[in-house]
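Presented below is the structure to which this report refers.
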Amino acid sequence: MRMSVIGCGYLGAVHAAAMASIGHDVIGIDVDEQKVAALEAGTAPFFEPQLPELLAAGIKSGRLRFSTEMADAEGCEVHFLAVGTPQIAGGHAADLRYVDAAVAGLIPYLRAGDVVAGKSTVPVGTATALVSQLADSGATLVWNPEFLREGWAVHDTLTPDRLVVGAEADGAGERAVAVIREVYAEAIAAGTPFLVTDLATAELVKGAANAFLATKISFINAMAELAEASGADVTLLADALGYDTRIGRRYLGAGIGFGGGCLPKDIRAFTARAEELGRGDAVGFLREVDTINLRRRDRAVSLVVDALGGLVFGRRIAVLGAAFKPFSDDIRDSPALDVAVRLRGLGADVIVTDPAAIENAKSAHPQLGYTQSRDEALREADAVVVVTEWDEYRRDLTPEHAGGLVRGRIIVDGRNCLDSDAWRAAGWQYHGMGRR
Ligand code: UGA
């Protein structure tokens, strides 16, 4: 099937490469010339496991191309909209300017019967507004939200938990759903649930899923606060809760909270849209979810400050991690980097290390010290903070090895990813988040 993917960021680049890998003929289109040049050369413009291999194979096969020209979308049967919807400056709503620009740019090249499939995360109601914009082109709009996680993007795109397609309940809508069914024929044949909904439900599914995940994380972080006040251990609590199959253990990882380019801005945009709809009260709890989340960063900073006896000025602090989560170089709204910035703001001599995100972190926060080497970061540190649970810190770093490098054996485990007993046994002062 011939298809275009408009927008080649985390979502679009992965979608384009994944669709080519299952046999489709794909053109990825983006306004960023540098990004397109990199993709055309088979280079992933960001860190994403398996993507470089998929890009190289797609380009070699001739089924995957990239372009800055919207005209190259002409002749495709399906056009996926995969542009970003960031938070607007000075507000909480989603900025839809890239969605609007993509649709306006695409319209001249659409033929009657083409399917335009929105994948971007948008406020409910966006798709219905776009339907009227597309009316004269004869193309049909469906909404096909994406649930991929950075770091697992290729896996999640090729083997999704479910596929959701929202369409209008008329003949054109039914034909468009049939086309999307064909796009994902392989995954559907492998048993992936395929849910057909109206447009509004498809848009809401995505926002609701991220709101639920954020709520789950903030719930356990709220329990971490209670555990801190009562002497309980949130990790054991989460284990015990998680065995209840109605609750489940995933996304009950307490620590410095969620960040990234999705959960934080999505819960805010979700709330903003609910307010526009006059239903702000229904999701008022998401403000609390946001507040709890941000409070955990303060907690991590105060654990370091207290462990250093209140004196952080001029003290050397090794910050292990900058990315918002492992297997990613993304630092958007990264709690890890935020903790580093706050410690620096208190006058600490902060040295940050990360296996993938140093370059991105450096350009956003040049005031921090950086090193690619974990051991270099640890050398002569008065305290260590683990803020991204990369294997290099969680699994490979032993308390004995670290102890031979640092000046002070103080470790704050911002992700509750270390074996507290082992670190304590090796003479470290260990502080977890909501752990005894
Ligand atoms: C999230 C959703 O998980 C995807 O389903 C969704 O498609 C995506 O947003 C999106 O909207 O595009 P992602 O932002 O890649 O994916 O990251 P997650 O793996 O969900 O992690 C988000 C944050 O929560 C990270 O900072 C992570 O460290 C934190 N987290 C996660 C916790 O603090 N505790 C947990 O137990 C789990």
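Could you check, for segment 257-276, whether at least one of its residues is of a type in the set (Phe, Trp, Tyr), within 9 Å of the ligand (Cβ to nearest atom) and within 17 Å of the chain's Cα centre (by Cα)?
yes
Can you tell me which residue is nearest to the ligand (Cβ to nearest atom) among those in segment 235-253 that are in contact with a Lys or Arg (Cβ under 6 Å, 6 or more places away or on another chain) and in contact (Cβ under 8 Å) with a residue 24 or more places away in the chain?
Filtering segment 235-253 for residues that are in contact with a Lys or Arg (Cβ under 6 Å, 6 or more places away or on another chain) and in contact (Cβ under 8 Å) with a residue 24 or more places away in the chain, the one nearest to the ligand (Cβ to nearest atom) comes out as TYR251.
Which residue, of SER67, SER4, SER21, is more than 24 Å from the chain's Cα centre (by Cα), more than 16 Å from the ligand (Cβ to nearest atom) and hydroxyl-bearing (Ser, Thr, Tyr)?
SER67
THR157 - would you say it is in a helix (DSSP H, G or I), closer than 27 Å to GLY280 by Cα, among the polar types (S, T, N, Q) and not assigned by TED's automatic domain parsing to the domain that holds PHE327?
So THR157 does not fit the description; no.
Quick one: which residue in LEU148, LEU204, LEU163, LEU134 is among the hydrophobic types (A, V, I, L, M, F, W, C) and either in contact with a Gly (Cβ under 7 Å, 6 or more places away or on another chain) or surrounded by fewer than 19 Cβ atoms within 10 Å (Cβ to Cβ) (or both)?
LEU134
Could you grab me the full set of residues in segment 332-369 that are away from the ligand (no atom under 11 Å from the Cβ), over 18 Å from LEU303 (Cβ atoms) and out of contact with any strand residue (DSSP E or B) (no Cβ under 7 Å at 6 or more places or on another chain)?
ASP354, PRO355, ALA356, ALA357, GLU359, ASN360, SER363, ALA364, HIS365, PRO366, GLN367, listed by residue number.
Among the candidates GLY42, GLY75, single out the residue that is more than 19 Å from LYS119 (Cβ to Cβ) and at pLDDT below 95.
GLY42
Tally up the residues in segment 1-50 that are outside any loop (DSSP other than H, G, I, E, B) and within 19 Å of TYR184 (Cα to Cα), please.
Of the residues in that region, 20 qualify.
Just to check your reading of the model, which residue among ALA232, ALA200 is farther than 19 Å from PRO326 by Cβ, in contact (Cβ under 8 Å) with a residue 60 or more places away in the chain and part of a loop (DSSP other than H, G, I, E, B)?
ALA232
The values are calculated or read from the model by the stated rules, or taken from the named source; none is laboratory data. Since the structure is predicted, the reported quantities are computational estimates derived from the model, not experimental observations. In this analysis, Cβ positions are derived from the backbone assuming ideal geometry, glycine residues included, and neighbour counts consider all displayed protein chains.
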